[in-house]
Amino acid sequence: KSYIDFIAENGYNGLRLYLEATVRVPCATFFNEETSYSVEEIREIVAYGKEKGIEVYPAMENLAHLEQFLAYDQLKHLSECKDMAADGRGVRSTPDCICLSEPEGRAFFDTYFTQVAELFESEYFEACMDEPFDFMVCSKCRQRLENGETKEDIFLDLLIHTYELLKGLGKTVLMADDFFRYMDIVDRLPRDIVLDCWDYDFVDDEPQGMWTNRKRCDALRRYAQLGFRYAISTKTYVDSDLFNHDSMSNYADRYSPIAAVSTVWCRSDNFYQASYPSIAYTGRHWSGKAKPEDRLKIYTEY
(Lines give C-alpha, C1' and ligand atoms only; values in the text may rest on other atoms or scores of the structure.)
Protein backbone atom coordinates (compact mmCIF):
# COMPACT_ATOMS: atom_id res chain seq x y z
CA LYS A 1 0.00 0.00 0.00
CA SER A 2 2.84 2.40 0.76
CA TYR A 3 4.32 1.64 -2.65
CA ILE A 4 0.98 2.41 -4.31
CA ASP A 5 0.95 5.73 -2.42
CA PHE A 6 4.47 6.43 -3.67
CA ILE A 7 3.80 5.76 -7.35
CA ALA A 8 0.45 7.59 -7.28
CA GLU A 9 2.23 10.67 -5.97
CA ASN A 10 4.73 10.43 -8.82
CA GLY A 11 2.42 10.35 -11.81
CA TYR A 12 1.78 6.66 -12.43
CA ASN A 13 -1.70 5.31 -13.08
CA GLY A 14 -1.00 1.57 -13.06
CA LEU A 15 0.92 -1.13 -11.21
CA ARG A 16 2.06 -4.34 -12.88
CA LEU A 17 2.64 -7.06 -10.29
CA TYR A 18 4.95 -9.88 -11.31
CA LEU A 19 3.48 -12.91 -9.55
CA GLU A 20 5.83 -15.88 -9.83
CA ALA A 21 4.68 -18.45 -7.26
CA THR A 22 3.31 -15.68 -5.07
CA VAL A 23 -0.48 -16.13 -4.92
CA ARG A 24 -2.04 -18.93 -2.85
CA VAL A 25 -5.02 -19.69 -5.07
CA PRO A 26 -6.80 -23.07 -4.66
CA CYS A 27 -4.44 -24.92 -7.03
CA ALA A 28 -1.38 -23.62 -5.15
CA THR A 29 -2.23 -23.68 -1.45
CA PHE A 30 1.19 -25.21 -0.74
CA PHE A 31 3.07 -21.97 -1.51
CA ASN A 32 5.10 -20.60 1.39
CA GLU A 33 2.91 -18.14 3.32
CA GLU A 34 5.90 -15.89 4.09
CA THR A 35 6.70 -15.37 0.39
CA SER A 36 3.22 -15.33 -1.11
CA TYR A 37 -0.10 -13.48 -0.92
CA SER A 38 -3.47 -14.88 0.02
CA VAL A 39 -6.47 -14.36 -2.24
CA GLU A 40 -7.79 -11.81 0.24
CA GLU A 41 -4.53 -9.86 0.26
CA ILE A 42 -4.46 -9.60 -3.55
CA ARG A 43 -8.04 -8.34 -3.56
CA GLU A 44 -7.12 -5.80 -0.88
CA ILE A 45 -4.17 -4.56 -2.98
CA VAL A 46 -6.40 -4.22 -6.06
CA ALA A 47 -9.06 -2.33 -4.08
CA TYR A 48 -6.49 0.00 -2.52
CA GLY A 49 -4.98 0.73 -5.92
CA LYS A 50 -8.39 1.59 -7.30
CA GLU A 51 -8.97 3.98 -4.39
CA LYS A 52 -5.69 5.74 -5.23
CA GLY A 53 -6.26 5.83 -9.00
CA ILE A 54 -3.84 2.97 -9.69
CA GLU A 55 -5.00 0.13 -11.94
CA VAL A 56 -3.35 -3.08 -10.71
CA TYR A 57 -2.84 -5.92 -13.18
CA PRO A 58 -0.87 -9.20 -13.11
CA ALA A 59 2.15 -10.41 -15.04
CA MET A 60 2.94 -14.11 -14.96
CA GLU A 61 4.89 -16.82 -16.75
CA ASN A 62 3.91 -20.27 -18.01
CA LEU A 63 7.07 -21.37 -19.83
CA ALA A 64 10.28 -19.87 -18.46
CA HIS A 65 11.28 -17.84 -15.40
CA LEU A 66 9.55 -20.49 -13.30
CA GLU A 67 12.41 -21.27 -10.92
CA GLN A 68 10.35 -20.35 -7.86
CA PHE A 69 7.50 -22.63 -8.97
CA LEU A 70 9.86 -25.49 -9.78
CA ALA A 71 11.56 -25.21 -6.38
CA TYR A 72 8.45 -26.78 -4.83
CA ASP A 73 8.40 -30.57 -4.52
CA GLN A 74 4.84 -30.58 -5.89
CA LEU A 75 5.97 -29.00 -9.19
CA LYS A 76 9.64 -29.84 -9.78
CA HIS A 77 8.72 -32.87 -11.93
CA LEU A 78 7.34 -30.42 -14.54
CA SER A 79 10.82 -29.06 -15.25
CA GLU A 80 12.41 -29.26 -18.67
CA CYS A 81 15.88 -29.63 -17.13
CA LYS A 82 15.86 -32.20 -14.35
CA ASP A 83 19.65 -32.06 -14.42
CA MET A 84 20.96 -28.61 -15.33
CA ALA A 85 24.47 -29.94 -16.02
CA ALA A 86 23.14 -32.50 -18.49
CA ASP A 87 20.10 -30.74 -19.98
CA GLY A 88 20.42 -27.00 -19.43
CA ARG A 89 22.60 -24.57 -21.28
CA GLY A 90 23.79 -22.83 -18.15
CA VAL A 91 21.86 -19.58 -18.65
CA ARG A 92 20.13 -20.15 -15.32
CA SER A 93 21.65 -21.86 -12.30
CA THR A 94 18.43 -23.73 -11.47
CA PRO A 95 15.65 -25.20 -13.65
CA ASP A 96 13.26 -22.48 -14.84
CA CYS A 97 11.47 -23.89 -17.91
CA ILE A 98 8.65 -26.43 -17.95
CA CYS A 99 8.67 -29.30 -20.40
CA LEU A 100 6.27 -28.63 -23.28
CA SER A 101 6.15 -32.34 -24.07
CA GLU A 102 4.40 -33.04 -20.77
CA PRO A 103 0.74 -31.85 -20.77
CA GLU A 104 0.58 -31.65 -16.97
CA GLY A 105 2.65 -28.46 -16.94
CA ARG A 106 0.37 -26.61 -19.34
CA ALA A 107 -2.69 -27.82 -17.40
CA PHE A 108 -1.33 -26.53 -14.07
CA PHE A 109 -0.53 -23.08 -15.42
CA ASP A 110 -3.87 -22.83 -17.20
CA THR A 111 -5.53 -23.33 -13.82
CA TYR A 112 -3.14 -20.98 -12.02
CA PHE A 113 -3.63 -18.21 -14.60
CA THR A 114 -7.40 -18.63 -14.46
CA GLN A 115 -7.59 -18.50 -10.68
CA VAL A 116 -5.28 -15.50 -10.40
CA ALA A 117 -6.97 -13.58 -13.24
CA GLU A 118 -10.27 -13.71 -11.33
CA LEU A 119 -8.73 -11.59 -8.55
CA PHE A 120 -8.03 -8.56 -10.78
CA GLU A 121 -10.57 -6.07 -12.09
CA SER A 122 -8.23 -4.76 -14.79
CA GLU A 123 -8.83 -5.81 -18.39
CA TYR A 124 -5.08 -6.34 -18.79
CA PHE A 125 -3.08 -9.50 -18.10
CA GLU A 126 0.56 -9.87 -19.11
CA ALA A 127 1.49 -13.43 -20.06
CA CYS A 128 5.17 -12.65 -20.28
CA MET A 129 6.55 -15.46 -22.50
CA ASP A 130 10.04 -13.96 -22.20
CA GLU A 131 13.49 -15.52 -22.06
CA PRO A 132 12.71 -19.24 -22.55
CA PHE A 133 16.36 -20.11 -23.03
CA ASP A 134 16.16 -23.74 -21.92
CA PHE A 135 13.01 -24.94 -23.64
CA MET A 136 12.99 -27.95 -25.99
CA VAL A 137 16.29 -29.31 -24.70
CA CYS A 138 15.27 -32.51 -22.88
CA SER A 139 15.32 -35.89 -24.66
CA LYS A 140 11.54 -35.92 -25.32
CA CYS A 141 11.61 -32.41 -26.75
CA ARG A 142 14.72 -33.03 -28.85
CA GLN A 143 13.01 -36.07 -30.35
CA ARG A 144 10.10 -33.88 -31.43
CA LEU A 145 12.53 -31.52 -33.15
CA GLU A 146 14.27 -34.43 -34.87
CA ASN A 147 10.84 -35.58 -36.09
CA GLY A 148 10.31 -32.29 -37.91
CA GLU A 149 8.63 -29.92 -35.45
CA THR A 150 10.29 -26.52 -34.97
CA LYS A 151 10.88 -24.45 -31.86
CA GLU A 152 9.02 -21.58 -33.48
CA ASP A 153 5.88 -23.65 -34.06
CA ILE A 154 5.94 -25.18 -30.56
CA PHE A 155 6.46 -21.77 -28.94
CA LEU A 156 3.69 -20.27 -31.05
CA ASP A 157 1.32 -23.11 -30.13
CA LEU A 158 1.71 -22.35 -26.40
CA LEU A 159 1.43 -18.62 -27.08
CA ILE A 160 -1.86 -18.96 -28.99
CA HIS A 161 -3.21 -21.37 -26.37
CA THR A 162 -2.41 -18.88 -23.60
CA TYR A 163 -3.86 -15.98 -25.57
CA GLU A 164 -7.12 -17.84 -26.18
CA LEU A 165 -7.35 -18.87 -22.52
CA LEU A 166 -7.00 -15.28 -21.28
CA LYS A 167 -9.17 -13.78 -23.99
CA GLY A 168 -11.85 -16.25 -22.94
CA LEU A 169 -11.59 -14.79 -19.44
CA GLY A 170 -12.27 -11.32 -20.84
CA LYS A 171 -8.66 -10.14 -20.66
CA THR A 172 -6.62 -8.01 -23.04
CA VAL A 173 -3.33 -9.88 -23.34
CA LEU A 174 0.11 -8.27 -23.20
CA MET A 175 3.23 -10.27 -24.06
CA ALA A 176 6.92 -9.43 -23.89
CA ASP A 177 8.36 -9.19 -27.38
CA ASP A 178 11.94 -10.45 -27.03
CA PHE A 179 11.41 -13.93 -28.49
CA PHE A 180 9.04 -12.58 -31.13
CA ARG A 181 11.98 -10.59 -32.43
CA TYR A 182 14.48 -13.40 -31.93
CA MET A 183 12.29 -15.96 -33.71
CA ASP A 184 10.68 -13.39 -36.04
CA ILE A 185 7.14 -14.72 -35.58
CA VAL A 186 5.39 -11.43 -34.87
CA ASP A 187 3.50 -11.45 -38.18
CA ARG A 188 1.82 -14.72 -37.08
CA LEU A 189 0.37 -13.28 -33.85
CA PRO A 190 -3.25 -12.18 -33.26
CA ARG A 191 -3.36 -8.43 -33.75
CA ASP A 192 -5.17 -7.73 -30.48
CA ILE A 193 -2.18 -8.87 -28.40
CA VAL A 194 -0.45 -5.79 -26.95
CA LEU A 195 3.27 -6.18 -27.60
CA ASP A 196 5.46 -5.16 -24.67
CA CYS A 197 8.68 -3.89 -26.24
CA TRP A 198 11.48 -4.07 -23.69
CA ASP A 199 15.21 -3.61 -23.93
CA TYR A 200 16.92 -2.94 -20.61
CA ASP A 201 20.38 -2.48 -22.13
CA PHE A 202 19.35 0.01 -24.82
CA VAL A 203 21.13 3.38 -24.49
CA ASP A 204 21.27 4.57 -28.10
CA ASP A 205 18.90 5.85 -30.79
CA GLU A 206 17.33 2.54 -31.87
CA PRO A 207 17.05 -0.79 -29.99
CA GLN A 208 19.07 -3.81 -30.98
CA GLY A 209 17.59 -7.18 -31.77
CA MET A 210 17.41 -9.63 -28.89
CA TRP A 211 19.83 -12.38 -27.86
CA THR A 212 21.83 -13.75 -30.80
CA ASN A 213 20.31 -11.34 -33.30
CA ARG A 214 22.16 -8.21 -32.18
CA LYS A 215 21.43 -5.84 -35.01
CA ARG A 216 19.43 -2.63 -35.04
CA CYS A 217 15.75 -3.35 -34.83
CA ASP A 218 13.03 -0.73 -35.32
CA ALA A 219 10.49 -2.94 -33.57
CA LEU A 220 7.82 -0.30 -32.93
CA ARG A 221 7.72 0.70 -36.59
CA ARG A 222 7.09 -2.90 -37.58
CA TYR A 223 4.42 -3.37 -34.89
CA ALA A 224 2.64 -0.22 -36.05
CA GLN A 225 2.79 -1.29 -39.70
CA LEU A 226 1.35 -4.70 -38.79
CA GLY A 227 -1.54 -3.12 -36.89
CA PHE A 228 -0.58 -3.96 -33.31
CA ARG A 229 -0.97 -1.87 -30.20
CA TYR A 230 2.23 -1.81 -28.18
CA ALA A 231 3.84 -0.59 -24.97
CA ILE A 232 7.43 -0.02 -23.88
CA SER A 233 9.11 -1.26 -20.71
CA THR A 234 12.27 0.34 -19.37
CA LYS A 235 14.63 -0.60 -16.57
CA THR A 236 14.48 1.60 -13.50
CA TYR A 237 17.35 0.12 -11.60
CA VAL A 238 20.04 1.37 -9.27
CA ASP A 239 22.77 0.97 -11.93
CA SER A 240 20.83 2.27 -14.96
CA ASP A 241 21.37 6.02 -14.38
CA LEU A 242 18.26 6.71 -16.47
CA PHE A 243 20.12 6.16 -19.75
CA ASN A 244 17.70 3.36 -20.59
CA HIS A 245 14.71 5.54 -19.72
CA ASP A 246 15.98 8.37 -21.93
CA SER A 247 16.76 6.09 -24.88
CA MET A 248 13.50 4.15 -24.86
CA SER A 249 11.44 7.29 -24.25
CA ASN A 250 13.09 9.16 -27.13
CA TYR A 251 12.64 6.14 -29.38
CA ALA A 252 8.96 5.70 -28.43
CA ASP A 253 8.25 9.39 -29.06
CA ARG A 254 8.38 8.61 -32.80
CA TYR A 255 5.41 6.27 -32.41
CA SER A 256 2.22 5.84 -30.35
CA PRO A 257 2.62 3.31 -27.53
CA ILE A 258 -0.46 2.82 -25.36
CA ALA A 259 1.67 2.66 -22.21
CA ALA A 260 5.14 2.95 -20.77
CA VAL A 261 6.15 0.73 -17.87
CA SER A 262 8.97 1.35 -15.43
CA THR A 263 10.31 -2.08 -14.46
CA VAL A 264 12.09 -2.50 -11.14
CA TRP A 265 13.00 -5.49 -9.03
CA CYS A 266 15.00 -6.44 -5.95
CA ARG A 267 17.88 -8.88 -6.03
CA SER A 268 21.33 -9.27 -4.51
CA ASP A 269 22.93 -6.49 -6.58
CA ASN A 270 20.13 -3.95 -6.15
CA PHE A 271 18.79 -2.55 -2.90
CA TYR A 272 15.20 -1.89 -3.94
CA GLN A 273 14.70 1.48 -2.24
CA ALA A 274 17.81 2.79 -3.97
CA SER A 275 15.71 2.86 -7.15
CA TYR A 276 13.08 5.18 -5.67
CA PRO A 277 14.58 8.42 -7.06
CA SER A 278 14.65 6.94 -10.57
CA ILE A 279 11.12 5.58 -10.22
CA ALA A 280 9.92 8.99 -9.07
CA TYR A 281 11.62 10.85 -11.91
CA THR A 282 10.46 8.38 -14.56
CA GLY A 283 6.82 8.65 -13.49
CA ARG A 284 6.89 12.42 -13.31
CA HIS A 285 8.66 12.71 -16.66
CA TRP A 286 6.21 10.41 -18.47
CA SER A 287 3.19 12.12 -16.90
CA GLY A 288 4.43 15.60 -17.81
CA LYS A 289 5.16 16.63 -14.22
CA ALA A 290 8.93 16.89 -14.60
CA LYS A 291 11.61 17.69 -17.16
CA PRO A 292 15.17 16.33 -17.36
CA GLU A 293 16.49 19.43 -15.58
CA ASP A 294 14.36 18.46 -12.54
CA ARG A 295 16.30 15.25 -11.88
CA LEU A 296 18.61 16.56 -9.20
CA LYS A 297 15.76 18.14 -7.30
CA ILE A 298 13.82 14.87 -7.36
CA TYR A 299 16.86 12.87 -6.28
CA THR A 300 17.42 15.15 -3.30
CA GLU A 301 13.87 14.40 -2.11
CA TYR A 302 14.95 10.83 -1.45
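The values are calculated or read from the model by the stated rules, or taken from the named source; none is laboratory data. None of these values were measured; they are calculated from a predicted model. Every residue, glycine as well, gets a Cβ built from its backbone with ideal geometry; the counts of neighbours run over all protein chains shown. These area figures cover heavy atoms from the full protein model, side chains too; ligands, DNA and RNA do not enter into them. Shrake-Rupley method; radii C 1.70, N 1.55, O 1.52, S 1.80 Å.
Numerical summary
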quantity: Portion, in percent, of the accessible area of the range 3-65 that falls on carbon or sulfur, probe 1.4 Å; calculated: 46
quantity: Positive dipole terminus of the range 158-297, leading residue within PHE228, SER275, PHE179 (C-beta point charges); calculated: PHE228
quantity: Ordering of 121-133, 258-270 by packing [mean C-beta count within 10 Å, highest first]; calculated: 121-133, 258-270
quantity: Antiparallel DSSP beta bridges within the chain, percent to nearest 5; calculated: 10
quantity: Mean Cα-pair separation over length for the chain, i.e. relative contact order, pairs under 8 Å, 6 or more apart, %; calculated: 14
quantity: Accessible area in square angstrom per residue, the chain, 1.4 angstrom probe; calculated: 47
quantity: Near-label residues of the range 199-238 by backbone N, under 14 Å of a point 7 Å along Cα→Cβ of GLU123; calculated: 229-230
quantity: Cross-link partners of LYS140 among lysines (Cα-Cα below 28 Å; sequence separation of 8 or more within a chain); calculated: LYS76, LYS82, LYS151
quantity: Full-stretch length increase - ARG188, GLU44 - with 0.36 nm per residue and alpha-carbon distance subtracted; calculated: 48.0 nm
quantity: Of all accessible heavy-atom area on the range 216-279, the percent that carbon and sulfur account for (1.4 Å); calculated: 50
quantity: Computed label-point distance, nm, for sites LYS297 and ASP153 using a 7 Å Cα→Cβ extension; calculated: 6.0
quantity: Rounded percent of accessible protein surface that carbon and sulfur make up, the range 139-202, 1.4 Å probe; calculated: 44
quantity: PHE30 versus TYR18: modelled label distance in nm, points set 7 Å from Cα along the beta carbon direction; calculated: 2.5
